[in-house]
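Undergrad: Okay, here's the structure, questions in a sec.
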Amino acid sequence: MLLPQSNTEAPLSEDRRVLGYLERREKEGLIARNAVRLAGDASTRQYYRVTTDEESLILALWPESFDPDSLAFLNVAELLVAIPVRIPVIHHVSGPEGILMLEDLGDELLQKRTNEVDRAQKLLLYREAVSILGRLQARGAELRDQRFFPYRIAFDEAKLFEELVFFEEHFIAGFRQSMLSGEERETLRGVFRAIASELAGRPRVLCHRDYHSRNLMVTKGELAVIDFQDARMGPVTYDLVSLLRDSYVEHDLDFVAEMIEEFRRGTDSPGFESEFDLMALQRNLKALGTFGFQISVNDSEVYRPYVTTTLEMVRRNLAGSRRWDGLRKTLSRHLPEVA
């Protein structure tokens, strides 16, 4: 067996953990020929692509050991399989080593495919994504059971407000190094509380929580869903906003409207349009907070290219209603792009 080869810098302790796991699995008949560390995401997990003579597999490394019965990834995976939603097959679980061996879905994110195809093909891809989302919500309601973790947690008022404060702290103050006055902070947080309260009062459905083009993979002619361990209950529009007001892929207004209509054929939610716009504002501000944190705290430049696109979505959202005149005025003093 070969020592893991890396396409990024990997701490030796992680390579040793992978090597030890593969050596043990070799005694069980899994003969690995190589292991390459893959570029990570915003999480604390690490990933390796392991090749054998027959196939390619993915090793997912958690920061520490885990109890499989308490691991959200495995709990949510069971629920998604029951819906069913296409996710990577789980081949092996080693809780003491903090390792999962997963199906290798390849490297083609929906983000990448979308940028390579024409409009007609893009429509087909997004119709499938919307169809998956509709099934997630409908079957998620039918399968509701407290043994599944997502039904125990929700985007409640506290969580939605916390994400907006995260934007204030890590994008305005952290990334942009712009300090709010006491009056400005009070104004912002008053608006943030109102947004959080309104969204928390909407009917809740099962949400993936990060349903966008970097968490949908094109594999063997279909879409597969990844990064689902944070699923929870939330507004009907939450995942749809993530998909259509996506920081990673720009959609024209006609395309967004068509996909919203596609989604609404399967749902009847009063006040849908106003909820979608409000959810988009919250979600895009939250995304900016995440980008700011990753860049300024974790020194990760991966997300910098998406800041401009997300700020433009916020600007359009704020300009769409006189309700946001005060918020836009306050934000524009620190973020001139939203003026």
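Undergrad: Restricting to lysines 8 or more places apart or on different chains, can you count the pairs in the chain with Cα atoms under 30 Å from each other?
TA: Lysine pairs meeting both conditions in the chain amount to 8.
Undergrad: Right, next: Taking the 0 to 90 degree range and rounding to the nearest ten, how far is the long axis of helix 157-167 tilted relative to the main principal axis of the chain, both from C-alpha atoms?
TA: Orientation of helix 157-167: about 90 degrees from the principal axis.
Undergrad: So, one more: Highest GNM mean-square fluctuation, the chain, Cα pairs closer than 10 Å: which of L30, L188, L288?
TA: L30
Undergrad: Which distance in Å, rounded to a whole number, links the C-alpha centroids of segment 244-283 and segment 153-194?
TA: Their Cα centres are 24 Å away from one another.
Undergrad: Using each residue's phi in segment 209-218, evaluate 6.51 cos²θ - 1.76 cosθ + 1.60 at θ = phi - 60° and report the 3J(HN,Hα) Karplus result to the nearest Hz, with x for Gly and Pro.
TA: Along segment 209-218, the couplings run 4, 9, 8, 9, 5, 8, 10, 10, 10, 8 Hz.
Undergrad: Shape of segment 195-339 from its Cα gyration tensor (a ≥ b ≥ c, root eigenvalues): rounded if a/c is under 1.5, otherwise prolate when a/b > b/c, or oblate?
TA: Values: a/c = 1.59, a/b = 1.12, b/c = 1.42.
Oblate.
Undergrad: If the elastic network links every pair of Cα atoms under 10 Å, which of V236, V205, V18 fluctuates the most in the Gaussian network model of the chain?
TA: So, out of V236, V205, V18, the one fluctuating most is V18.
Undergrad: Sticking with this one: Suppose every K and R has +1 on its Cβ and every D and E has -1 on its Cβ; what is the size of the dipole of segment 119-264 about the Cα centre, in Debye to the nearest 20?
TA: The calculation lands at about 540 debye.
Undergrad: To continue, here is another question. Output the relative contact order of segment 127-272, whole-number percent, from Cα pairs under 8 angstrom with separation of 6+ residues. Display every interim value, and only then the final one.
TA: Numbers: 142 pairs, mean separation 44.6, N = 146.
Normalised by residue count, the contact order of segment 127-272 is 31 percent.
Undergrad: Okay, moving on. Once amide H atoms are built 1.01 Å from N in the peptide plane, which residues 5 or more positions from M233, or in another chain, come under 5 Å H to H?
TA: I153, A154, F155, C207
Undergrad: Obtain the nm distance between the two label points defined at E116 and E183 by a simple spin-label model: each point lies 7 Å from its Cα along the Cα-to-C-beta direction.
TA: Between E116 and E183, the label points sit 5.4 nm apart.
Undergrad: Additional query: Hey, what angle do you get for helix 272-296 against the long axis of the chain, alpha-carbon based, 0 to 90 degrees rounded to 10?
TA: Helix 272-296 sits at roughly 60 degrees to that axis.
Undergrad: Against the longest alpha carbon principal axis of the chain, how many degrees, from 0 to 90 and to the nearest 10, is the axis of helix 119-142 turned?
TA: 90
Undergrad: Mind checking which of L311, L19, L253 has the largest fluctuation in a GNM of the chain, springs on alpha carbons under 10 Å?
TA: L253
Undergrad: Next up: Let's see if you can work this out: charge +1 on each Lys and Arg Cβ, -1 on each Asp and Glu Cβ, no other charges. What is the dipole magnitude of the chain about its Cα centre, in debye to the nearest 20?
TA: 620
Undergrad: T219's amide H: which non-local residues (gap 5+, or another chain) put their own amide H closer than 5 Å, with H modeled 1.01 Å from N in plane and none for Pro or chain starts?
TA: A224
Where a number appears in this text, it was derived from the coordinates with a stated rule and is not lab data. On a predicted model such as this, the values are computed, not experimentally measured, just so you know. Heads up, the Cβs are rebuilt from the backbone with ideal geometry, glycines too, and the neighbour counts pull from every protein chain shown.
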